[in-house]
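The values are calculated or read from the model by the stated rules, or taken from the named source; none is laboratory data. Just so it is clear, the structure is predicted and the values come from calculations on it, not from any experiment. With ideal geometry, Cβ positions are generated from the backbone for all residues, glycine too; neighbour counts draw on all protein chains shown.
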Amino acid sequence: MRVGEVFFKYRSYSPIPLIVAALILARPTWFRFGAGFLLMLLGETIRFWGVAYAGSATRTTGGVGGKRLVTDGPFGYVRNPLYVGNFFLSFGALIMSWAWMPWMVLVLIFLFGIQYSFIVHLEEGYLSRQFGKSYRDYQTNVPRWIPRMRAYSSPEKSVPNYPKALRSERNTFQAILTVCGLLLIRWHLL
């Protein structure tokens, strides 16, 4: 199994050690907690929007795949909205805890950069082989990480499925509530 495939398969679990360290070293205040929670909310909003457009195919762990190329909705602004959302979720958790700042943020950026560069390289190779010129045109016009200001003019239109996205994201919602709850317990009881 290639490195990108390993990172892809375990991408949901990779932030756990960093978040555990943040919980152990936490020095929250209400301001930090609120600011971090808003960043987590931003991250989950971006993720939710992306899942509504891309569907549950984003939840796979068996390998990179996709039956259709999604280039509208949040994908019209940035090629990896779910990963951008993941970054803001983790960044928000670190801000909430205010553990080992600013070094913990640098660790997040470093680890996130390594993991997702492998994952995105793997996915882009698949999408290029699967969708050819359509993907390469999209890739040329839509940035990988920093959103563009106006949406890409997508030839294909997706119909977002928000109820299905709610069901698909329930584990993420649970993880957010767990992190917030554990931080509050750590803060007020220890």
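What to note about this one:
- Just so you know, in the stretch 133-158 the residues that are under 21 Å from the mean Cα position of the chain (by Cα) and β-branched (V, I, T) include one that is nearest to T45 (Cα to Cα), and it is I146.
- Any hit, the stretch 157-164, residues being at pLDDT 95 or above and of a type in the set (A, V, I, L, M, F, W, C): no
- For the criterion of being out of contact with any Gly (no Cβ under 6 Å at 6 or more places or on another chain), of a type in the set (G, A, S), surrounded by 14 or more Cβ atoms within 10 Å (Cβ to Cβ) and in a loop (DSSP other than H, G, I, E, B), A26 passes.
- For the stretch 102-113, taking the residues that are without any contact (Cβ under 8 Å) to a residue 60 or more places away in the chain and more than 18 Å from V179 (Cα to Cα), the one that is nearest to the chain's Cα centre (by Cα) is identified as F112.
- Residue tally, condition aromatic (F, W, Y) and over 21 Å from I46 (Cα atoms), over the stretch 85-131: 7
- Of the residues making up the stretch 136-180, those that are of a type outside the set (D, E, K, R), part of a helix (DSSP H, G or I) and surrounded by 14 or more Cβ atoms within 10 Å (Cβ to Cβ) are Y138, Q139, N141, A165, S168, T172, A175, I176, V179, C180.
- Failed condition for A54, given (1) within 16 Å of the chain's Cα centre (by Cα); (2) crowded, with 21+ Cβ neighbours inside 10 Å; (3) at pLDDT 95 or above; (4) aliphatic (A, V, I, L, M): (3)
- Annotation note: Cβ proximity below 8 Å between a residue of the stretch 120-142 that is more than 18 Å from G65 (Cβ to Cβ) and a residue that is of a type in the set (F, W, Y) and assigned to a helix (DSSP H, G or I) (sequence gap 6+ or interchain) occurs for V142/F75.
- Selection count where residues are among the basic types (K, R) and under 15 Å from the mean Cα position of the chain (by Cα), scope the stretch 18-49: 1
- Considering the stretch 181-190, the residues that are loosely packed, with under 10 Cβ neighbours inside 10 Å and in a helix (DSSP H, G or I) include one that is modelled with the lowest pLDDT, namely L189.
- Number of the condition not met by R11 [criteria: (1) of a type in the set (K, R); (2) more than 20 Å from G181 (Cα to Cα); (3) modelled with pLDDT of 95 or more]: (3)
- Of the numbered criteria (1) outside any loop (DSSP other than H, G, I, E, B); (2) among the aliphatic types (A, V, I, L, M); (3) surrounded by 15 or more Cβ atoms within 10 Å (Cβ to Cβ), the one I114 fails is (3).
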